[in-house]
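J.: Quick one: structure below, then a few questions.
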2 protein chains.
Amino acid sequence: MTNPLSNTDRTRHRRLREQGRTDPGDLRAVLAAGLVAHLGLVNDGWPMVVPTSYGFDETTLYLHGSVASVSLRADSPVCVTITLADGLVLARSVFEHALNYRSAMVYGYPRVVTDPDEILTGLRLLSEHMAPGQWDYVRQPSRKELAATRLLALPLAEASVKIRTGPPDDGDTPDADLGLWAGELPLVSTWQQPVPDPALPPAIPVPAHIAARAGTIAGGPDCPGAPD
Amino acid sequence: MTNPLSNTDRTRHRRLREQGRTDPGDLRAVLAAGLVAHLGLVNDGWPMVVPTSYGFDETTLYLHGSVASVSLRADSPVCVTITLADGLVLARSVFEHALNYRSAMVYGYPRVVTDPDEILTGLRLLSEHMAPGQWDYVRQPSRKELAATRLLALPLAEASVKIRTGPPDDGDTPDADLGLWAGELPLVSTWQQPVPDPALPPAIPVPAHIAARAGTIAGGPDCPGAPD
């Protein structure tokens, strides 16, 4: 991801250009901060948008699911969108209201990963993105589980990143004379204290990597995988 | 929304059936709790997934945007998905890891709203869903602003709702003997204290309807529009 983000017809920023980003570091930061991707595909002529988990490295986005899933067919074009809502932009008019957000859209043809080493690497990236530390703590996939899992790889080649931050845009318009309050109402997602499975014997302690996540902000700048 | 949710080929729950819901109240609860929708459409044969705000009433989902936007054409089929990530499900194996979440998918052909009364009603529903209390507090749309805005209406007729809650599913499997901790790591989104626009004169107080939202949970059971 050392090249600038692609500039195709689909990913060129036509509207609200001030929100468009072309630095691959911004793409990586949005991917690192997000938790759920929305996978879009075309199924019998209809769009279908499925929430799903994901992982990534420098060049590839990994998605996984059941081999029985309609949404994980290869060789059909997909659009994968990851969005973080960072807060409301409260303006002096309804029209100027907006959302502060970070969003990445990745377009491409995914391939089904068949190489056993890449399957394990991709699943590990996915697991570590969602639940850092768990891959080495819990039982890793069995041969049977691997056979029931489909892993898709999507190149991080054609992507669009949009980010909006800051106050409303109408502070220097005639609406500023209306005497109304305006500003931002930030929204923050926080990991809570772990809740033990009721089936768990009481003597098993919460592992440090899980306990350490409680109280931290999900998608904050210090999240795992965020750029330096 | 007094009828059960539709049961078409697209919305029938084929996999993970225990997560499927057929009560229209669940659809309404997910719509009330969500903030950002992911609008999926087909553009030149490619899927396109765009984050967007929304509003709704008993029968209709409203989306809006610029008349110049590619994603707001009518008479093309859409899939609108709203997802809330409620936490990680930390199991004893990588394979059984999951997300606790609430998700709604709505399929249909949106229509462009042209009736002036319905445009105002729809925009008000959208505004009040995103930022309750702002419609009556700030300047409402001018004729020129209305002309620049496209409002789409999508029937809440064909929808699928999935909800997962609770601990991992492997508490009664041989993996329970591994002696590993397992449980949930909940994720909660909280509205923060309002941040005044730097362009604001200092004498303007934060209105009560904004101040009251700070510290509350976004998408919690007491969010505006949630079912009784």
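What follows is calculated from the coordinates using simple rules that are stated; it is not laboratory data. All of these numbers come straight from a predicted model, not from anything done at the bench. Every residue, glycine as well, gets a Cβ built from its backbone with ideal geometry; the counts of neighbours run over all protein chains shown.
J.: Just checking, how many residues over the stretch A:129-138 are over 18 Å from the mean Cα position of the chain (by Cα) and facing chain B (nearest Cβ under 9 Å)?
T.: Residues in the stretch A:129-138 being over 18 Å from the mean Cα position of the chain (by Cα) and facing chain B (nearest Cβ under 9 Å): 4 in total.
J.: Continuing with the same structure: Go through (1) closer than 29 Å to A:Pro186 by Cβ; (2) free of Cβ contacts under 8 Å to residues at least 12 places away in the same chain one by one and return the number of the condition B:Asp177 breaks.
T.: All conditions pass for B:Asp177, except number (1).
J.: Kindly indicate whether any position in the stretch A:89-111 is polar (S, T, N, Q) and over 30 Å from B:Trp135 (Cβ atoms).
T.: So far as the stretch A:89-111 goes, no, none of its residues is polar (S, T, N, Q) and over 30 Å from B:Trp135 (Cβ atoms).
J.: Looking only at the stretch B:139-168, how many residues end up being surrounded by fewer than 15 Cβ atoms within 10 Å (Cβ to Cβ) and either touching a helix residue (DSSP H, G or I) at 6+ places or on another chain (Cβ under 7 Å) or more than 10 Å from every other protein chain (Cβ to nearest Cβ) (or both)?
T.: Going through the stretch B:139-168 one residue at a time, the tally reaches 3.
J.: Here is a follow-up. Among the listed residues B:Glu118, B:Glu128, which satisfies the condition of being closer than 27 Å to A:Pro51 by Cα and assigned to a helix (DSSP H, G or I)?
T.: Matching residue, one of B:Glu118, B:Glu128: B:Glu128.
J.: Can I ask one more? Answer yes if at least one residue in the stretch B:170-184 is part of a strand (DSSP E or B), facing chain A (nearest Cβ under 10 Å) and either buried (at least 19 other Cβ atoms within 10 Å of the Cβ) or more than 25 Å from the chain's Cα centre (by Cα) (or both), and no otherwise.
T.: Yes.
J.: Shifting gears a bit: With the requirement that a residue be within 21 Å of B:Leu84 (Cα to Cα) and over 17 Å from the mean Cα position of the chain (by Cα), what does the stretch B:42-68 give you?
T.: The answer is B:Met48, and nothing else.
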